[in-house]
1. Mean separation of Cα pairs under 8 Å and 6+ residues apart, divided by the residue count of the range 2-86: what relative contact order is that in percent?
2. Once label points are set 7 Å from the Cα along Cα→Cβ at both residue 64 and residue 83, what is their separation, rounded to one decimal in nm?
3. Average projected area of the Cα convex hull of the chain, in nm²?
4. Could you tell me the distance between the Cα centroids of the range 1-51 and the range 53-87, to the nearest Å?
């Protein structure tokens with residue numbers, strides 16, 4: 001029983017680390033795309049920093065960001081269902 005608890009905690013920690021890495025990468029890629037988009041457009045009433053900040057704020061509320069949480073919970077749910085149906 002203790003081995004299952006330890007394995008679960010380690011798995012959860014790995015999944016949280018994976019989520020953090022993916023979140024960091026997605027934000028970095030979005031920031032880069034917004035900066036390139038700003039550089040290509042002309043006549044923007046906003047500064048580049050404000051434009052990027054608004055774009056990242058929209059990203060934080062996006063479905064893409066919310067689905068990223070599935071990286072943590074989906075594998076845990078699948079493992080729990082497999083363990084339930086196999087036993």
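1. 40
2. The answer from the label model is 3.4 nm.
3. Mean projected area of the Cα convex hull: 7.2 nm².
4. 14
Every number in this text was worked out from the coordinates using simple rules, so none of it is lab data. Note that this is a predicted model, so its numbers are computed, not measured. Positions of Cβ are backbone-derived with ideal geometry, glycine not excepted, and every protein chain shown enters the neighbour counts.
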